[in-house]
Amino acid sequence: MSDIVIISGSPSDNSKTKKVLNYLGTLLEQEGFSIRQISIKDVSKDVLFEGKYDSPEIHHIAKLLQESKGVIIGSPVYKGAYSGVLKTLIDLLPQDVLKHKPVLPLMTGGSPAHLLALEYALKPVLASLKAHNLKGLYFVDTQIDKLVEIPITDEDTLERTKKQLYYFTKLAK
């Protein structure tokens, strides 16, 4: 069992979203949490495309989520919402898979104009899975550098991120 499950909804292996999620996982490991990273790219295309909600892969992911103490889920903003392939994965999970589970939603986007995607797209779908949503984190692409160890380059944003992560860990213990 992993204490924290981190789900990347980015279809790219080298995305800013994935870089920030990996960094948060590192911070959590330094605090003694065991981490399990899941990427939508880890799920078979046929499972997603054919909606195989009863597949062993989906059952395994659901079990990981249910047995975890908390979940961090992140996605880049696409057309004012989270990635479509993340939505497909979410649609295949059991309706109460995140029941009473602390969930830290995270999104990255090209400009501050997409900030509301977190509030009006990602958080409502997580709430439909019975998640205990935290405030959440939104990063503008210019605040992230994929080529450095600490990818969050803006000092205020980094402090806000660490503060949200602290609240998350208090709930996930």
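The values are calculated or read from the model by the stated rules, or taken from the named source; none is laboratory data. Everything numeric here is computed off the predicted structure, so don't read it as measured data. Cβ: placed from backbone, ideal geometry, glycine included. Neighbour counts: every protein chain shown. To get the accessible areas, we keep the full protein, side chains included, count just its heavy atoms, and leave off ligands, DNA and RNA. Shrake-Rupley method; radii C 1.70, N 1.55, O 1.52, S 1.80 Å.
Computed values, structure above
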item	result
Sum of -39500 (n - 2.57) over DSSP H runs of 4+, divided by residues of the chain (222 nm, nearest 500)	-11500 deg cm²/dmol
Loop sites in region 67-173: GluC sites (Glu not before Pro), DSSP, at most 10 other Cβ within 10 Å	Glu149
Heavy-atom accessible area order for Asp42, Asp96, largest first, 1.4 Å probe	Asp42, Asp96
Inter-label distance, nm, simple model (7 Å from Cα along the C-beta direction), Ser34/Lys130	2.4 nm
Within region 2-87, trypsin sites (Lys or Arg not before Pro) in DSSP loop having at most 15 other beta-carbon neighbours inside 10 Å	Lys52, Lys79
Chymotrypsin sites (Phe, Trp or Tyr not before Pro) within region 33-85, DSSP loop, no more than 16 other Cβ atoms inside 10 Å	Tyr53
Degrees, to the nearest 10: 56-67 long Cα axis against longest axis of the chain	60 degrees
Ser128 - accessible surface, heavy atoms, 1.4 Å probe, Å² rounded to 10	50 Å²
Probe 1.4 Å - accessible area at Leu28, Å² to nearest ten	0 Å²
Extension gain, Asp42 back to Leu27 (0.36 nm per residue minus Cα-Cα distance, nm)	3.1 nm
DSSP bridge pairs, the chain: antiparallel proportion in percent, nearest 5	10 percent
Number of Lys pairs (Cα under 23 Å; 8 or more positions apart or on different chains) in region 63-159	27
